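Taking it in order: structure first as structure tokens, then the write-up.
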Amino acid sequence: MRVGPRWPIVGTVMSLLIVTVACDVLRGSQRLEAAPAGPPAPPPVLAPGDHEIELEHGGRERRALLRVPPRPEAVSDDAVVRHPVLLAFHGGGGNARQFRRSLTLDEDADARGFIVVYPYGTGKLRRSLLTWNAGTCCGYATNEDVDDVDFVRALLDELGRRTPIDTERVYATGFSNGAMFAYRLAAELPDRIAAIAAVSGAMVLPKALPTRPVPILHIHSVDDPRALYAGGLGPPFPLTNSRQQHTPVRQVLQSWAAWNGCGAEPEEGEPVTAENGHTATRLTWGPGSDGVEVVHWRLTGGGHAWPGGVPTGREKIVGAPTDVIDADGEIWDFLSRWTLTREADAHEHGGR
């Protein structure tokens, strides 16, 4: 009997085996895909202390210094702690490191549980003589039309990728040109900034159309020789012929009171008087829409200075320092009352 070749039969068997194995693998992969997912990986957490963030934005290398507070002792080790954030913007011609040294915000951040961020502005030099594009001020940032508002948005996104933050409680403060820029953030980034505090600098935007009520705290001396309280053309910036047109402080506050539905006239408190004769009077517009307020500490005697801060040694240019109030404490007391969506209870969030 003639027996035909067996290779076709063997090949057929092998093909069936390959198909069977492939089907098993496919069913296995389907079983893996259908398996319930495990718990998500916990977000990264920055250790308490000092850090620096670097990111590319608008074709520039941008930076910010951070202070992260200690983890609350009463919170379990596996709990996610989302800290509030305070953005602190230096004045025109300054930088983040110099501004940080002139304040006590790091100590307040540690004691009261918030992250403080000190961003660097832009300029011809890498880390000095820097400014913010506040609208019509100041210097390099305005001349080069730097998009600092979008930089802040990107910075907050980057910070949120590195550590948990409370996005409902992000605030901005600043001095001089930094204060002007904080106002711009209130007007143009109200979806991210819950409230602002401005020191010795008023809003200089040609147009502002806020899309929601934003709580405002403004601290300013009527004797400020640089950022003129009554408005007008200020003196030249040191070593330049550049001058800035300032908006009257009361006009800015009245505008925000109107936008916030706070009423036309503020309630005026009794003046606080320091031993050197400097005074501080608190004016409050509101409550208005959503309970927001516009609050103004109107000072006398002090110059272009951060009240309670470290004296700069430039009194001939900026006027007298003052400690009639503690700006650091007043700022966090005010800001910590607010969230993006509602009025927050100060005691719930660590306010004094």
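Odds and ends about this structure:
- Residue, surrounded by the fewest Cβ atoms within 10 Å (Cβ to Cβ), within the stretch 313-323, restricted to residues that are in contact (Cβ under 8 Å) with a residue 24 or more places away in the chain and closer than 21 Å to residue 105 by Cα: 323
- Checking every residue in the stretch 123-136 against the condition of being of a type outside the set (Asp, Glu), surrounded by fewer than 20 Cβ atoms within 10 Å (Cβ to Cβ) and within 14 Å of the chain's Cα centre (by Cα) gives zero matches.
- Residue satisfying all of: in the stretch 67-80; surrounded by 15 or more Cβ atoms within 10 Å (Cβ to Cβ) and either small (Gly, Ala, Ser) or out of contact with any Asp or Glu (no Cβ under 7 Å at 6 or more places or on another chain) (or both); farthest from residue 156 (Cα to Cα) among these: 71
- When 350, 309 are checked against the criterion of being under 19 Å from residue 172 (Cβ atoms) and modelled with pLDDT under 85, a single residue qualifies: 350.
- Residue match in the stretch 167-175 (condition: touching a residue at least 60 places away in the same chain (Cβ under 8 Å), surrounded by fewer than 24 Cβ atoms within 10 Å (Cβ to Cβ) and in contact with a helix residue (DSSP H, G or I) (Cβ under 9 Å, 6 or more places away or on another chain)): yes
- Top-ranked residue of the stretch 220-255 - restricted to ones that are buried (at least 21 other Cβ atoms within 10 Å of the Cβ) and touching a residue at least 60 places away in the same chain (Cβ under 8 Å), ranked as farthest from residue 295 (Cα to Cα): 244
- Filtered residues of the stretch 146-182 (kept if assigned to a helix (DSSP H, G or I) and more than 22 Å from residue 129 (Cβ to Cβ)): 150, 153, 154, 156, 157, 158, 159, 160, 161, 162
- Extreme residue, farthest from residue 335 (Cα to Cα), among residues of the stretch 256-300 that are touching a residue at least 60 places away in the same chain (Cβ under 8 Å) and of a type in the set (S, T, N, Q): 300
- Hey, residue 21 at pLDDT 80 or above and outside any strand (DSSP E or B) or not: no
- Among (1) within 19 Å of residue 310 (Cα to Cα); (2) modelled with pLDDT of 95 or more; (3) surrounded by 15 or more Cβ atoms within 10 Å (Cβ to Cβ) - the single one residue 83 does not satisfy: (1)
- The condition of being in a loop (DSSP other than H, G, I, E, B) and in contact with a strand residue (DSSP E or B) (Cβ under 6 Å, 6 or more places away or on another chain) holds for only one of 219, 193, that being 193.
- Across the stretch 303-312, a minimum of one residue is classified as assigned to a loop (DSSP other than H, G, I, E, B), buried (at least 23 other Cβ atoms within 10 Å of the Cβ) and small (Gly, Ala, Ser).
- Meets criteria (surrounded by fewer than 24 Cβ atoms within 10 Å (Cβ to Cβ) and at pLDDT below 95) for residue 192: no
- Subset of the stretch 249-301 [in a loop (DSSP other than H, G, I, E, B) and of a type in the set (S, T, N, Q)]: 260, 276
The values are calculated or read from the model by the stated rules, or taken from the named source; none is laboratory data. Fair warning: this is a prediction, and the values are worked out from it, not measured in the lab. Note that we place each Cβ from the backbone using ideal geometry, even for glycine, and neighbour counts take in every protein chain shown.
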